[in-house]
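Shown next, in structure tokens, is the structure this report addresses.
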Amino acid sequence: QVQLVESGGGLVQAGGSLRLSCAASGSIFRLITMGWYRQAPGKQRELVATIVFDGGSINYADSVKGRFTISKDNAKNTVYLQMNSLKPEDTAIYYCRMIGTRGYWGQGTQVTVSS
């Protein structure tokens, strides 16, 4: 059974940086995309960034462009999110997602940015 294990969340001051990691504990058949979503209190879950497993095409939400960078390690089935210049509005639970023949979600990791 595949599980996505996230790490790297925490509390940081505005302007600071964090790096999230998400590793798949098992093999995902025909992995297509890897990505990060977030959900702030009282809001819907939203896309942050996605990256295609083969080819590496990347998509970012407008709100994080120029500040966040998504990357991957195909051999390790791991996806990363480098978050720089963090703002209080980036505070949310961040979820990893991987899609192959079916989709998988991580358990979420809390990111809190203080002003």
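Placing unit charges on C-beta atoms (Lys and Arg positive, Asp and Glu negative, everything else neutral), compute the dipole magnitude of the chain about its Cα centre in debye, rounded to 20.
Numbers: 12 positive and 7 negative charges, 23 e Å.
In debye, rounded to 20, the chain gives about 100.
Testing the spin-label approximation: label points 7 Å from Cα along Cα→Cβ at residue 54 and residue 13. State their distance in nm.
The two pseudo-label positions are separated by 4.7 nm.
Which one of 12, 82, 53 is farthest out on the positive end of the charge dipole of the chain, using unit charges on Cβ (Lys, Arg +1; Asp, Glu -1) and the Cα centre as origin?
It is 53.
Pop out the ³J(HN,Hα) list for the stretch 9-14 in order, Karplus 6.51 cos²θ - 1.76 cosθ + 1.60 with θ = phi - 60°, rounded to Hz; leave Gly and Pro as x.
x, x, 10, 9, 7, 3
Tally Lys/Arg at +1 and Asp/Glu at -1 over every other residue whose Cβ is under 11 Å from the Cβ of residue 21; what's the total? Don't skip to the end; give the middle numbers.
Working: positive: 19, 72, 76; negative: 6, 73.
Its environment carries a net charge of +1.
Bin width 10 Å, origin at 0, all Cα-Cα pairs of the chain: what percent of pairs per bin?
P(r) for the chain, in whole percents per bin: 15, 50, 29, 6, 0.
Bear in mind that the values in this text are calculations on the coordinates, not laboratory data. All values derive from a computational prediction rather than experimental measurement. Because the Cβ atoms are built from the backbone with ideal geometry, glycine has one as well, and the counts that use them run over all protein chains shown.
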